[in-house]
Amino acid sequence: MAIFVARTTQADFDKEVPKVQTDQISSRGLRQQYPKHSMTCDKFQLICRQKAGSPGPDCCKRKCVNVMKDRFNCGMCGYKCKYSEICCKGQCFNASFDKRNCGGCHKKCKKGEFCVYGMCNYA
């Protein structure tokens, strides 16, 4: 019963919707209509600074990044922070235990406090 309904529905659908002739569309025409963008920062290095919404002003491996914040390009292209570290001002810090970057960049613990698991004076 369900197969009969599916076949009937498909047959009705085929009648209502005209089929596209595949020989009318050529791949050459599609290539011209939708050109491949070739503007990458390795060729045009200033694009990272001028592009709205860019992740950063620096170009690393054909991608715009901010080497002052990016864990995979911290301080310079290709320098990766360890798994538990974050990148602050181009240096890697362990935000779980660093008093000057406790839980995030520039989150300082008060004098005499210590940083444990990203929280000041956790006990």
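The values are calculated or read from the model by the stated rules, or taken from the named source; none is laboratory data. On a predicted model such as this, the values are computed, not experimentally measured, just so you know. Glycine gets a Cβ as well: all are built from the backbone with ideal geometry, and neighbour counts include every protein chain shown.
In segment 110-123, the residues that are over 8 Å from F97 (Cα atoms) and modelled with pLDDT of 90 or more form Cβ pairs under 7 Å with partners that are acidic (D, E) and in a loop (DSSP other than H, G, I, E, B), at six or more places apart or across chains, as follows: C120/E113. Within segment 54-74, none of the residues are of a type outside the set (G, A, S), at pLDDT 90 or above, assigned by TED's automatic domain parsing to the domain that holds Y122 and not in a loop (DSSP other than H, G, I, E, B). Of all residues in segment 84-109, count the ones that are buried (at least 16 other Cβ atoms within 10 Å of the Cβ), assigned to a loop (DSSP other than H, G, I, E, B) and touching a Phe, Trp or Tyr at 6+ places or on another chain (Cβ under 7 Å). Qualifying residue count, segment 84-109: 2.
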